[in-house]
Each structure stands twice: as C-alpha cells, then as structure tokens.
Amino acid sequence: MKGLIHLSYWLGILAAVLAFVYRGLWKLGPAAAWPQTTSVKPYHFLELSLLLFVFCLATEVYARNRSGS
C-alpha cells in the first residue's frame, strides 16, 4: 500500500511539473501548435496532478484506517 501512495505522489509531482513546463512552452510559442495537434492542453496535466494527489491522500487515509493507527 505504501508503494502505491508514493507512486501516486511522485506521479502527481511529475504531472504538475509537466503542466507548468507545457504551459510555459505554450505561452512562449514553441508549443503553440501542440494543443491543436494532440488535443492535450496544459490544464489536462494540472487536472491529472490534482487527481493523483487526491488519490494519494485517499489511499493514505485508507491505509491508516485499515492498520488501526
């Protein structure tokens, strides 16, 4: 269970970093055509990040309640 918590936490961090890097590239111009080409916008990564953090917290709470601590 602890591995799943750490994995979702670090994937959330990675998704947040990707969101900010993608947003910067999008605003500066090098990635201006990516949203039209791929249908993936920077806020999709930010939403994924938030989803992974909520999943991480929910898994942590579940693990604590299950172990009785």
- [ ] Take region 45-69 and flag every residue that is buried (at least 16 other Cβ atoms within 10 Å of the Cβ) and either β-branched (Val, Ile, Thr) or over 27 Å from residue 24 (Cβ atoms) (or both).
- [x] 59, 60
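Please determine whether any residue of region 45-64 is among the basic types (Lys, Arg) and farther than 30 Å from residue 2 by Cα.
The answer is no, given that none of the residues of region 45-64 is among the basic types (Lys, Arg) and farther than 30 Å from residue 2 by Cα.
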Open item on the list: Cβ contacts < 6 Å: first residue closer than 11 Å to residue 49 by Cα, restricted to region 6-26; second residue of a type in the set (D, E, K, R) and part of a helix (DSSP H, G or I), any location; separation 6+ or different chain. Result?
Closed with: none
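Which is free of Cβ contacts under 8 Å to residues at least 12 places away in the same chain and not in a helix (DSSP H, G or I), of 30, 35? If you could, list the steps in order and put the result at the bottom.
On the way: 35 fails: not in a helix (DSSP H, G or I).
Exactly one of 30, 35 is free of Cβ contacts under 8 Å to residues at least 12 places away in the same chain and not in a helix (DSSP H, G or I), namely 30.
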Open item on the list: Looking at the structure I just gave you, is residue 21 part of a helix (DSSP H, G or I), surrounded by fewer than 14 Cβ atoms within 10 Å (Cβ to Cβ) and touching a helix residue (DSSP H, G or I) at 6+ places or on another chain (Cβ under 9 Å)?
Closed with: yes
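We did not get these values from a lab; they are worked out from the coordinates using the rules stated. Values in this document were obtained by computation on a predicted structure and should not be read as measured data. All Cβ positions, glycine included, derive from the backbone under ideal geometry; neighbour counts span all protein chains shown.
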